[in-house]
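Working notes, structure below.
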Amino acid sequence: MTDLHRLSIRELSEGLKTAQFSSRELTEHYLKRIAKIDPKVKSYVTVTAEQALAEADAADAALKSGNAHALAGIPLAHKDIFCTQGIKTTAGSKMLDNFISPYDATVVAKAKAAGLVTLGKVNMDEFAMGSTSENSYIGATSNPWALDHVPGGSSGGSAAAVAADLAPIATGTDTGGSIRQPASFCGLTGLKPTYGRVSRFGMIAYASSLDQGGPMARSAEDCAYLMNVIAGHDAKDSTSINKEVDDYVANLNGTAVKGLRIGIPKQYFNVAGLDADVKARVEESLKKLEDMGAILVEIDLNMTEAYVPTYYLIAPAEASSNLSRFDGVRYGYRCENPVDLMDLYKRSRSEGFGAEVQRRILIGTYALSAGYYDAYYVKAQKVRRLIQQDFLKAFENVDVIAAPSAPTTAYKIGANLSPTEMYLGDIYTLAVNLAGLPAINAPVGFDKDSLPVGLQLIGNYWSESQLLSIVHQYQQNTDWHTKRAAIAEENA
Ligand code: GLN
C-alpha cells in the first residue's frame, strides 16, 4: 500500500485489527517516508528505526493474540523534551546534546504500554523557549506548507512531522502556546489540556506552573485517541490531578455545537498586528459554527494587555530556577579545561545555552532577586490571578471562548524578529497557561500565500471532551483538516 499515511487513527486501528496491514508494514512505510522526505523538512532530531521495528513486531504479536490496545502498532513521534530511556533527549539544546535519560517520561511510558511505536524524537526550540523552532541548536525545521517558512514553536518538529505525513500523531508541550501555535502554522489540530491532566514527569521543565503536554494530529478525533493514552493522574507528578479521565473518543459527539455559547472577546479582535486574512478566516469559521447552531456572544476580557508582560516575567523566573540544574557538573555539557569551579560553571552555561535561553535566565534571575522580587515576581503572580478571574467571570455567561491561535500565519525562516516582536506574537495563547485552562487549535483555511490559519477555542477547566467534540463536529462539516501540503503528497 502506498497511501497508509493518509489513514486516520481510527482507520489505522481498524486496519491493524483486521490484519489489512501489519504494524511492521506501517512502520516501514513511515520510516521510508522519513528517509526520503525529512531531509527537506528536518523535523526529526533522532530516528529510532531499529527500536521502532522491534516495537512494531511486538505490537503485531499482541494484535494477533487479540488483546491489543486500540492504538497498538500505530507509530508516533515524541517532542524531544520527553525523556526516553536509551534514546537521546536533547530539548533542542547543546547542553543536552549527548543526554540519554535513564528513564521514560510518563507520557512515553504510557504510549509504550499502549503499544504505540516510537518513530523518533522531533525538533523544538531550545528548552521550549520560542515560537519558531529556530532556537533549536540542531537547526531550523521547515513548515511543510512552505519550506522557507517556520513551522512555529516550540513544538515545531511535532507539527512539521505530522503535516508532512512523517508521523500520524505526535506529542507536544505547551507552556505559552507551543502546541496551539505550531498546530495553527501547520494546519493541524492540537490540544493543550487543563493543567494537571497530563503528567509532567520526565518532561524537561521550562516553567513548571505552566507546562502541559498534549496531542498534535490531523483531526480532533485523532487527538482524542492520543489523549486517551496520555491523560491521567500520575503519582510521580505532584501537580497531576487525581480526577477521573474521560473516554475522549467515546465522548466525541455530533451535537456539541447546537446551542453552544461562544464568547468573542472584543479586545482580541482589535489587537494591533492581527493579520487581515487571519481575522477573516477566523470570523468565517465562527460564522460556520453559528450556522451549525452556535450562539456568538460578545464578551470582555479586560486583562488582555497584561498577558504578554505577565507571562514573560513568570515563565523566565521559573525557567531560571529550573535551568540552574545544568551546571556542567552532574550532567549535560561541560566546557573544556576549566581553571576552577567558577570557570566551569560559567563557561559550561555560556557555551551550553543558546542566546534566547540565556536572555530568559537573565530576566528571570533579575525578577527573582532580593530587591526586585516583590516589584516584579509577586506583582506578576497577582496579575496572573486577575487574568484567571477574568476568564472565570466570562465562563459564567459562555461555554467556550474563541480567538485566533496566533495573530499571523507562519513567519519566514530567518525573519529575525526582535524578542519583543516575537513575544507579542504569543498574545492569544499565553493567558490559557497562566489560568491553567484547556484550549484547542483547529485549521480553518489559508491566507493569501496559502499558509494555514487556525481558530483557537478556550474551554473551562476539564472541558477537553467538549473542545474535542466541537472541533470534531466542525470537521465533519468542513474539510480544512483534510488538506495536505504538497510535500505530504510525495510518495517515498
Ligand atoms: N512562545 C512561548 C515562549 O517562548 C511559548 C513557548 C511554549 O509554550 N513552550 O515562551
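General remarks:
- Within the shell defined by Cβ-Cβ distances under 12 Å, the residues around LYS36 carry a net charge of 0, with Lys and Arg each +1 and Asp and Glu each -1.
- Cross-link pairs exceeding 18 Å in C-alpha to C-alpha distance, out of LYS94/LYS121; LYS94/LYS192; LYS36/LYS88; LYS110/LYS236; LYS112/LYS483; LYS258/LYS288, comprise LYS94/LYS192; LYS36/LYS88; LYS112/LYS483.
- Once backbone amide H atoms are built at 1.01 Å from N, VAL122 has VAL45, HIS78, LYS79, ASP80 as its partners under 5 Å, excluding neighbours fewer than 5 places away on the same chain.
- Kirkwood hydrodynamic radius of region 33-112, from the reciprocal of the average inverse Cα-Cα distance over all distinct pairs: 14.1 Å.
- Each Lys and Arg adds +1 at its Cβ and each Asp and Glu adds -1 at its Cβ; summed about the Cα centre, region 294-351 shows a dipole of about 420 debye.
- Extreme residue, positive dipole direction of the chain, given options TYR345, PRO316, PRO193 (C-beta unit charges): TYR345
- DSSP-defined beta bridges in the chain - what % are antiparallel, rounded to 5: 70 percent
- Equivalent ellipsoid of region 287-386: semi-axes from √(5λ) of the C-alpha gyration tensor, largest first, are 41, 19, 9 Å.
- Exposed GluC sites (Glu not before Pro) absent: longest stretch of the chain, with sites in DSSP loops and at most 10 other Cβ within 10 Å deemed exposed: 1-243
- By the compact-protein rule of thumb, 2.2 N^0.38 Å, the alpha-carbon radius of gyration of region 22-64 corresponds to a ratio of 1.25.
- With the simple spin-label model, which puts each label point 7 Å out from Cα in the Cβ direction, the ARG10 to ASN491 separation comes to 2.7 nm.
- Spatial separation of Cα centroids for region 302-327 and region 80-150, in angstrom: 22 Å
- Computed from backbone phi, the HN-Hα couplings of region 127-133 come to 6, 6, 9, x, 10, 9, 6 Hz, rounded to whole numbers (Karplus: 6.51 cos²θ - 1.76 cosθ + 1.60, θ = phi - 60°; Gly and Pro given as x).
- Distance between region 2-31 and region 250-287 - C-alpha centres, whole angstrom: 34 Å
- Per residue Cα convex hull volume in Å³ - calculated over region 1-43: 71 Å³
- Rule-of-thumb Rg ratio for region 142-263 [Cα; 2.2 N^0.38 Å; N residues]: 1.09
- About the Cα centre, charge dipole magnitude for the chain (Lys/Arg +1, Asp/Glu -1 at Cβ), debye: 500 debye
- In order along region 146-158, the phi-based Karplus estimate (6.51 cos²θ - 1.76 cosθ + 1.60, θ = phi - 60°) of 3J(HN,Hα) comes to 6, 5, 8, 10, 7, x, x, x, 7, 7, x, x, 4 Hz; Gly and Pro are listed as x.
- Chain lengthening between THR239 and SER321 when straightened (0.36 nm per residue, less Cα-Cα): 27.8 nm
- Taking label points 7 Å from Cα along the Cα-to-Cβ direction, GLU421 and ASP340 give a separation of 4.4 nm.
- Extending 7 Å from Cα along the Cβ direction at THR482 and again at ALA62 yields two label points whose distance is 3.1 nm.
- Taking trypsin sites (Lys or Arg not before Pro) across region 335-441, none is in a DSSP loop with at most 11 further Cβ atoms lying within 10 angstrom of its Cβ.
- Between the listed residues ALA231, LEU252, ASN242, the Cα displaced farthest toward the positive end of the dipole of region 218-314, a dipole computed from Cβ unit charges relative to the Cα centre, is found at LEU252.
- Per-residue Cβ neighbour rank within 10 angstrom, fewest leading, THR239, THR255: THR255, THR239
- Quarter of Cα convex hull surface for the chain, i.e. mean projection, nm²: 21.8 nm²
- Charge context of SER178, other residues only, Cβ under 11 angstrom, K/R +1, D/E -1: -1
- Here the 3J(HN,Hα) profile of region 41-51, calculated from phi with Karplus coefficients 6.51, -1.76 and 1.60 at θ = phi - 60°, is 9, 6, 8, 8, 8, 9, 9, 9, 4, 4, 5 Hz, Gly and Pro shown as x.
- Distance cut-off 18 Å, percentage of C-alpha pairs in region 136-196 lying past it: 26 percent
No value in this document is a laboratory result; all are computed from the given coordinates. Predicted model only: the values in this text are computed from it and were never measured. Cβ coordinates were reconstructed from backbone atoms using ideal geometry, including for glycine residues, and neighbour counts include every protein chain displayed.
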